[in-house]
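Notes to accompany the following structure.
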Amino acid sequence: MQALRFVRVYVQLWVRHQIGMRSAALTYATMLALIPLIAVGLAAVSAVVDVRSFTQDLRAFLLKNLAAGSGSLVSQYLEQILNKVRFRTVGIVGFSSLVVTALLMISSVESTINRVWSIRKPKDILSRFTLYNIFLVLAPISVAASVAATTFVVKFFPAKVFQAQITAVVISTLFIATVYKLFPNTKVHTGWSLLCAFLVAVLTETAKIGYGSYTSKALLYNKVYGGLAALPFFLLWLYLNWNIFLGGSLLNYALQNRRRLIPPLSLLAALAAIPSHASSSATQWYLHKTGAGVIAVFQEEVEQRKKTKEFAVSQRWHEAGGREVYIGSVARDEDGFPPVAFYVEVKEGSKAYTIDARARDRKLSLKIRHQGPVKNPEESASIDLVDGLLLSLFLPWEMSRKATPKKPLLFNAVVEDIRDGAFEARVGRAESLARSRAIDGRKCHGYRVTFQEIKSTWWVEKSGRTCEIEFPSAGARIAAVSAQEAARWLPKK
């Protein structure tokens, strides 16, 4: 069951992240950067081996792996590249431009992998520059090592061609795993990177065999296109390889985040007892207390929309002074609670405003409408969503599922900057404490939450329902109470 759910989620991620379109873009970029990559690669390899003795093996390797079955046109083209591209031929300015083009190609790959991982913010400039230059040298050396190892096995052990393929797979696995590990601007698990890189290397070798067999028998294309038949075959080969490569990166992302992307069947145990025809859980009331007494009372309601696989939370606050705030938010139950939409309505005397937000294409669009005697123009804002973006309403459920003593939960929440009124996503941190306590007969686990320099302790049931929140520095706490207790503090109508 879990395996089928994982496959379904993986296919959804493939479509959502537009792997096919991104592979096509990288195919086009590869065509433009092929000559610079080969030229710079030869320059890097020349520092390690004798290029003249290495060129013949490199030519055979490129023709076999880049243009398998594509005919004489690509073969002759690559022959000319290998023969003509030399530092003394192009000069220092020309060679520098080749290096820049190659670096831009690596930048495109890094940017695409980050988007596959739903990461909007790349590494800092210094880290990227260092990483690009390392791979500019590492990639050709890896190719050289693969060529040398394969040539050695085939030359001295002709009957062991299979061992040569295994050698190529091992070297490719190490190189691809390094890319999967270092390119995303986040912490990537080494084990998953190696596993996905191995699968990609095996698939590439398998696809190469099948592709060579197909192109050698595709007589129709040769009759229609003639000598130009090599070009569509070559583009198809590049496109297929980029799909496999990005698919491996997406698999790495899915495996590392499987607990978030594929919630266990027991997720949100508080809602499990709801009849199949119902959609809402019981309402919970809370009091916000300080040393001066109760400053707010609010009602929280949780709703599970099983047909649409959505999870909704709403809170209605009644604050001292007559201020009323309503907050409602909807998230996708199966995708780790990225927000779909949320709505905020604030009323204070004769003044009121609403914030209506919708999430689409990894952007959160907000509309702020002011009401009251003074008609202010409607405002709008747009926020780039980062992976795992949460509204504070969903934090208890996320902590109960993901935060452990050894692995804190990093979350993001949309907040309003009081200085300029701008909305943006801010990062918070939730750490599981190694202790629990009983609150009103309920066993609640402790979590230390830090957000915008405010430290608090949350006590949450295993089901994800909040028991109590403590703010030590402010001497305040939010406690769950009965509806009868909350009614004592509600404003009289």
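Coordinate-derived values only; no laboratory data. Quick caveat: nothing in here was measured; it's all calculated off a predicted structure. Counting neighbours? That spans all protein chains shown, and the Cβs are built from the backbone with ideal geometry, glycine included.
Please give, to one decimal in nm, the separation of the simple spin-label points placed at Leu490 and Leu235, each 7 Å out from Cα toward the Cβ.
In this crude label model, Leu490 to Leu235 measures out at 6.7 nm.
Please report Lys455, Lys121, Lys181 as a ranked list, fewest other C-beta atoms within 10 angstrom at the top and most at the bottom. Don't skip to the answer; put the middle values down first.
Numbers: Lys455 14, Lys121 10, Lys181 17.
Neighbour counts put them in this order, fewest first: Lys121, Lys455, Lys181.
Do any of Lys306/Lys347; Lys347/Lys367; Lys121/Lys462 go past 26 Å between their Cα atoms, and which?
Over 26 Å apart, Cα to Cα: Lys306/Lys347; Lys121/Lys462.
Would you mind checking the pairs Lys402/Lys443; Lys289/Lys406; Lys363/Lys407; Lys402/Lys455 and listing those with alpha carbons more than 21 angstrom apart? Could you put the intermediate results ahead of the total?
Values: Lys402/Lys443 18 Å; Lys289/Lys406 32 Å; Lys363/Lys407 28 Å; Lys402/Lys455 19 Å.
In this structure, Lys289/Lys406; Lys363/Lys407 lie more than 21 Å apart at Cα.
Hey, can you rank 316-325, 400-409 by average C-beta count inside 10 Å, highest first?
Going from most to least packed, we get 400-409, 316-325.
Can you tell me the FRET efficiency between Ser382 and Ile166 if r is taken as the Cβ-Cβ distance and R0 is 45 Å, rounded to the nearest 0.05? Please list the in-between numbers first.
On the way: r = 51 Å, r/R0 = 1.12.
E(calc), rounded to 0.05, equals 0.35.
Quick one: which residues, 5+ away or cross-chain, put their amide H under 5 Å from the amide H of Glu310? H built at 1.01 Å from N.
For Glu310, whose amide H was placed from the backbone, the distant partners under 5 Å are Arg305, Asp333.
Using a Förster radius of 22 Å, what is the FRET efficiency between Arg258 and Ala25 based on their Cβ-Cβ separation? Nearest 0.05, please.
According to the calculation, E is roughly 0.20.
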